[in-house]
Amino acid sequence: MAIQLTNHLRNTSTLNLKTTSSHPNPCLSNTRRTRTIRVYAVSSSTSSNNARQLIQSGAVRPVRSSEAGALIGEEGFVLLDIRPVWEREKAHVTGSLHVPLFVEDKDNGPLTLLKKWVHFGYIGLWTGQYFTTLNPDFFETVEETVPDKSTKLLVACGEGLRSMMAVSKLYEGGYKNLGWLAGGFNRAKDGDFRAVEGSEKLEYATIGGVSYIFLQLLIFLRALGNNTS
């Protein structure tokens, strides 16, 4: 979901730039930036497609959340959490490594501010997610954290989409013993992992904004119903 929404915004921004570039005022034209954004969005889509092929071919092992604990405890896999900081702070598996694939975009240029405004209106207000950009140091940080590329890594995110991109990048970089947490932490249940830290359950860590308020209301009503039954 995060990847689809991010790409949607970037593609939308590209369309807006095309429109303004044809404006009779030459000051509004920015062909160079249009090309950069388009290539970036296609690159994200390509990484996801490559990951699907790796998973389907068996080169990357898909792992259910219910199987993850055993994979870590018995087969020696190391859990690599690639979620952004604000999701990990809510809940994370004890002992997992953390290298975010996406980081908050802190650029305050006119174009980025416009995209942030659109993002907040369509996504941020409802999900609590920041406007993000790919972490340019992702692979280098993983190499520093896990220098032995024969290490068994179980790559995980909130919904399984961003981790598909990460898996593709890691595999291309020489990490061949990879697992992918299918469905992400959103499908995690109590007891799937030995220990979890944070104020929320793993399955709720990606939820924020107005959606979080509705989630808490739903949990309250469910608990109320159980007490009265």
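The values are calculated or read from the model by the stated rules, or taken from the named source; none is laboratory data. From a predicted model like this one, the values you see are computed outputs, not experimental measurements. To get the accessible areas, we keep the full protein, side chains included, count just its heavy atoms, and leave off ligands, DNA and RNA. Shrake-Rupley method; radii C 1.70, N 1.55, O 1.52, S 1.80 Å.
Computed with every protein chain present, the accessible area of residue 55 is close to 30 Å² [probe 1.4 Å]. Shape class for the range 127-191, computed from the alpha carbon gyration tensor (a ≥ b ≥ c): oblate, with a/c not under 1.5 and a/b at or below b/c. Per-residue accessible area (protein heavy atoms, 1.4 Å probe) orders 92, 98 as 98, 92, starting from the largest.
May I ask which of 152/176; 152/189; 149/176; 169/189; 176/201 have a Cα-Cα span longer than 19 Å here?
On the way: 152/176 8 Å; 152/189 23 Å; 149/176 7 Å; 169/189 28 Å; 176/201 31 Å.
Correct reply: 152/189; 169/189; 176/201.
Rounded to the nearest 10 square angstrom, residue 90 shows an accessible area of 60 square angstrom against a 1.4 Å probe. When all protein chains stay in place and ligands, DNA and RNA are ignored, the 1.4 Å accessible-area order of 194, 52, 162, largest first, is 194, 52, 162. A probe of 1.4 angstrom, applied to the heavy atoms of all protein chains, finds residue 197 with accessible area near 80 square angstrom.
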